[in-house]
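Structure, as C-alpha cells:
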Amino acid sequence: MLLVVMACAYVGAGWYLWAHQRALIFFPSRDLRHSPADAGLHFEEVWVPVHGSPPASLHGWWLPSGDTERPALLYLHGNDLNIGGNVERVARLNRLGFSVLAVDYRGYGRSGGAFPSEEQLYEDAEAAWRHLVRDRRVDPADAFIYGHSLGGVVAIELAVRHPEAAGLIVEGTFTSMPDMARIGYWMFPVDWLLDQRFDALAKVPRLKVPVLFIHGTTDREVPSSMSERLFVAAGSPKWLTLVPGGGHEDSAEVGGALYTRAVLGLAQRARAAR
C-alpha cells in the first residue's frame, strides 16, 4: 500500500510539473517601476506590433547613442520581472556607445497579451528585430543581438534566423530547459515532461554570426559550465569570457573592464570583418 501511495504521489507530481511548466519557467511582472530616465538617459517609448497567434503589441524603449556611425543592439531580457528590472544593463550598453532597443515579451510590463510561451517569445523577438531594421532603419550589418539568461536562448534562435546580423552576445545562458530542470527536478523524466524546450545547445552549431558568451564563475542559477558547453558546440568565430566572481545578475558590474573589453571587442571585430 505504501508503494502504491508513493507511486501515485510521484505520478501526480510529474503531472503537475508537466501541466504547470510555463508557470515554473516564466515570472512576468506588470509593475514597471524603473525606466532609463532613472539612469539619466534619453529614451523613447516604443510599441511594436506582433503578428502572431494571437496578435499583440509589445512595449519597449529606444535609447539612441547620439552617433549614427555607432552600432545598434537589440536587448532581450530573462524570464522574470520586465525591462524595468534591466535598466542598469540597458544603460550600461547604451553608455558603451550602442543604440539600444529593449522590449518586453507578451505578458511582461506594459506589453499586451497573456501568459507567454516559448514560441511566442521567439515571435516577439522577431517582431522587435523587424522594428529595429525596418522602422529604425538600422542596417542589419550594424545590429547586434544581446540576450541575458533565458533571453540568451531567445537571442540564439533569432540569430540563427538572421545570419545577416552583425553579431550575438549571450550572457548567463543555459544549454536547454531540460538541463536546467534536471538540477532541481532530477528525480523526474524531464525530457519527456517538458515541451518548453529552449534548446540552445542544439541551435548554436547553426549560428553564422560572430558570438560572444559571457558568464560569471559563481553564478548560482545557471552554472557557468553551460556557457562553456555552448561555446564548444558553436561554430567560429566565437569567444568565451568567464567573469571571476560574477553571479547571474552582476557579471558586467563585477567584470568591469573585462566585460567592457569583451563586448566592445566583439563589436570591433565584427565590424572589421564586414
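The values are calculated or read from the model by the stated rules, or taken from the named source; none is laboratory data. Here the structure is a predicted model, which is why all the values come from computation and not from measurement. FYI the Cβ positions are ideal-geometry reconstructions off the backbone, even for glycines, and counts take in every protein chain you see.
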So Arg106 clears everything in (1) over 19 Å from the mean Cα position of the chain (by Cα); (2) under 30 Å from Ala181 (Cα atoms) except one condition, right? Which one? (1)
Residue hits (the stretch 102-152; under 22 Å from Arg30 (Cα atoms), of a type in the set (Phe, Trp, Tyr) and not in a loop (DSSP other than H, G, I, E, B)) are Tyr122
Using the structure shown, decide if Ser117 is more than 13 Å from the chain's Cα centre (by Cα) and closer than 18 Å to Ser176 by Cα. yes
Scan the stretch 150-160 and give yes if some residue there is closer than 19 Å to Pro64 by Cβ, of a type outside the set (A, V, I, L, M, F, W, C) and either in contact with a strand residue (DSSP E or B) (Cβ under 7 Å, 6 or more places away or on another chain) or surrounded by fewer than 24 Cβ atoms within 10 Å (Cβ to Cβ) (or both), otherwise no. no
Residue that is surrounded by the most Cβ atoms within 10 Å (Cβ to Cβ) [pool: residues in the stretch 86-103 that are more than 17 Å from Arg136 (Cβ to Cβ) and of a type in the set (A, V, I, L, M, F, W, C)]: Val87
What is the number of the single condition among (1) within 20 Å of Leu168 (Cα to Cα); (2) surrounded by fewer than 22 Cβ atoms within 10 Å (Cβ to Cβ); (3) not acidic (Asp, Glu) that Ser57 does not meet? (1)
Criterion first (outside any helix (DSSP H, G or I) and either without any contact (Cβ under 8 Å) to a residue 24 or more places away in the chain or under 25 Å from Glu45 (Cα atoms) (or both)) does Arg89 satisfy it? no
What pairs can you find where one residue is in the stretch 21-39 and free of Cβ contacts under 8 Å to residues at least 24 places away in the same chain, the other is part of a helix (DSSP H, G or I) and surrounded by 13 or more Cβ atoms within 10 Å (Cβ to Cβ), and their Cβ atoms are less than 8 Å apart, with a gap of 6+ or different chains? Leu24/Leu17
Do we have any residue at all in the stretch 77-85 that's crowded, with 22+ Cβ neighbours inside 10 Å, outside any helix (DSSP H, G or I) and in contact (Cβ under 8 Å) with a residue 60 or more places away in the chain? yes
Output the number of residues of the stretch 32-60 satisfying the condition of being within 17 Å of Glu88 (Cβ to Cβ) and not basic (Lys, Arg). 12
Does the stretch 226-274 hold any residues that are at pLDDT below 95, under 22 Å from Phe198 (Cα atoms) and surrounded by 16 or more Cβ atoms within 10 Å (Cβ to Cβ), and which are they? Glu249
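Can you pull out every residue in the stretch 1-50 that is over 15 Å from Pro116 (Cα atoms), of a type in the set (Gly, Ala, Ser) and modelled with pLDDT of 90 or more?
Listed by number, the residues that qualify are Ser35, Ala37, Ala39, Gly40.
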Provide a single number: the residues in the stretch 20-46 that are within 23 Å of Val100 (Cβ to Cβ), among the aliphatic types (A, V, I, L, M) and not in a loop (DSSP other than H, G, I, E, B). 3
Enumeration of residues in the stretch 177-207 that are within 16 Å of the chain's Cα centre (by Cα), at pLDDT below 95 and not charged (D, E, K, R): Met177, Met180, Gln196, Phe198
